[in-house]
Amino acid sequence: MRASWEEDPPDRGRFEFGMPSLTPAVRGLILVNALVFGVLFFLSLPSATRGWVEFAMKWLAIHPAQWKEAFPLLPLWQIVTWGFLHSLTDPLHILYNMLGLYFLGTLLEGIVGSKRFLWSYFGGLVFAGITTLAMGLAADPRTITVGASGAVMCIVVATAVLRPHARIVFIIVPMTLRTFAILWVGLDLFWFLLQIRTGPSNVAHLAHLAGAWWGFVVARRGWIWVDPLEIFQRRRDGLARERERPDEERLDEILNKINRQGIHALSGRERAFLQRVSKRK
């Protein structure tokens, strides 16, 4: 199934506003983010436990300096764990991210299902994390970056690609999801270009743009409909059925394939099977 910005013609009927019901994956992500924020915030209050918070931020956030210092034992977990940390001095950071996840994540999860939604979310988180890490290594390795904004931007844009004409209320202005996504990405692009001229700020606009790009690609190319776990299960089931087939029957099929297409047409698994049968005989 191929998504397009032109699918789903606009609804000319009455505009209705309602609070969406929480879907399982979105509920889990919001709870984990809120729990991590709450624990770290309260640990940051007493001076006795403040060091634990600093340790967590140093090792769980994207910290390019750690990648240089720990090489070759790279802290690969950071490209995932950074998305569950937020600024402890600015509650709006986590609030905006969780609101975006709630309003648009529930819509996307309802369209593609929980497993595909999670693959898209974490795909956007990892891609934005790698992009942020690369920028940090090239610019200032001491910069520490946290937040789920890259993953949320992935969800925003992917949802807008699949349902471009769905209508939302942004503050008090009704608009389509496509307009909202273009506006949000456009502002991030403006601020990112402004950073290039005036210097870095405390907002990782490049991470937002990377997440948005990933969301557009997976939805536009139809990758969002792919379930890697389902593919793995089908392949494993196929291998199990293949093992259950009589070797003689499978050998006849492979020999017929050689007669028709030549031995170069055999797959690696078929070649291994021939070697095993030949040694047994």
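The values are calculated or read from the model by the stated rules, or taken from the named source; none is laboratory data. What you are looking at is a predicted structure, and each value in this text was computed from that prediction instead of being measured. We place every Cβ from the backbone using ideal geometry, glycine too, and count neighbours over all the protein chains shown.
For the reader, a short list of remarks on this structure follows.
- Residue-level check: of (1) in contact (Cβ under 8 Å) with a residue 60 or more places away in the chain; (2) within 21 Å of ILE155 (Cβ to Cβ); (3) not aliphatic (A, V, I, L, M), TYR96 misses just (1).
- Candidates PHE192, PHE170, PHE180, filtered to the one that is within 21 Å of ILE224 (Cβ to Cβ), among the hydrophobic types (A, V, I, L, M, F, W, C) and either surrounded by 13 or more Cβ atoms within 10 Å (Cβ to Cβ) or in the same structural domain as MET135 (by TED's automatic domain parsing) (or both): PHE180
- Condition check for THR143: over 12 Å from the mean Cα position of the chain (by Cα), among the polar types (S, T, N, Q) and not in a helix (DSSP H, G or I): yes
- All positions within the stretch 146-190 that are assigned to a strand (DSSP E or B), closer than 20 Å to ASN97 by Cβ and β-branched (Val, Ile, Thr): ILE168, VAL169
- Filter result (more than 21 Å from the chain's Cα centre (by Cα), surrounded by 13 or more Cβ atoms within 10 Å (Cβ to Cβ) and in a loop (DSSP other than H, G, I, E, B)) within the stretch 57-89: LEU88
- Residue match in the stretch 97-111 (condition: over 17 Å from ARG27 (Cβ atoms) and not aliphatic (A, V, I, L, M)): no
- Which numbered condition ILE182 fails, given (1) modelled with pLDDT under 90; (2) more than 19 Å from HIS93 (Cα to Cα); (3) among the β-branched types (Val, Ile, Thr): (1)
- Complete set of residues in the stretch 195-210 that are surrounded by 14 or more Cβ atoms within 10 Å (Cβ to Cβ) and closer than 13 Å to SER149 by Cβ: VAL203, ALA204, HIS205, LEU206, ALA207, HIS208, LEU209, ALA210
- Qualifying positions in the stretch 211-222 - crowded, with 24+ Cβ neighbours inside 10 Å and of a type in the set (A, V, I, L, M): ALA212, VAL218, ALA219
- Selection status of ILE196, at pLDDT 75 or above, within 30 Å of VAL126 (Cα to Cα) and part of a helix (DSSP H, G or I): yes
Rundown of residues vs (1) surrounded by 10 or more Cβ atoms within 10 Å (Cβ to Cβ); (2) farther than 30 Å from LYS115 by Cα; (3) more than 41 Å from the chain's Cα centre (by Cα); (4) modelled with pLDDT of 80 or more, yes/no style:
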position	(1), (2), (3), (4)
ARG241	no, no, no, no
ARG250	yes, yes, no, no
GLU253	yes, yes, yes, yes
ASN256	yes, yes, yes, yes
ARG280	no, yes, yes, no
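- Qualifying residue in the stretch 132-154 (condition: free of Cβ contacts under 8 Å to residues at least 24 places away in the same chain and at positive phi): no
- Among the residues of the stretch 138-168, just one is in contact with a Phe, Trp or Tyr (Cβ under 9 Å, 6 or more places away or on another chain) and charged (D, E, K, R), namely ARG167.
- Cβ-Cβ contacts under 6 Å between residues 6 or more apart (or on different chains), taken from a first residue in the stretch 105-117 that is in the same structural domain as ALA212 (by TED's automatic domain parsing) to a second residue that is polar (S, T, N, Q) and not in a helix (DSSP H, G or I), are listed as THR106/THR23; GLU109/THR23.
- Filter result (in a helix (DSSP H, G or I) and either within 13 Å of the chain's Cα centre (by Cα) or among the aliphatic types (A, V, I, L, M) (or both)) within the stretch 201-215: LEU206, ALA207, HIS208, LEU209, ALA210, GLY211, ALA212, TRP213, TRP214, GLY215
Per-residue answers, yes or no, for (1) polar (S, T, N, Q); (2) modelled with pLDDT of 90 or more; (3) within 24 Å of ILE171 (Cα to Cα):
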site	(1), (2), (3)
ARG2	no, no, no
TRP5	no, no, yes
ARG14	no, no, yes
VAL32	no, yes, no
PRO46	no, yes, no
PRO64	no, yes, no
LEU85	no, yes, no
ASP90	no, yes, yes
ASN97	yes, yes, yes
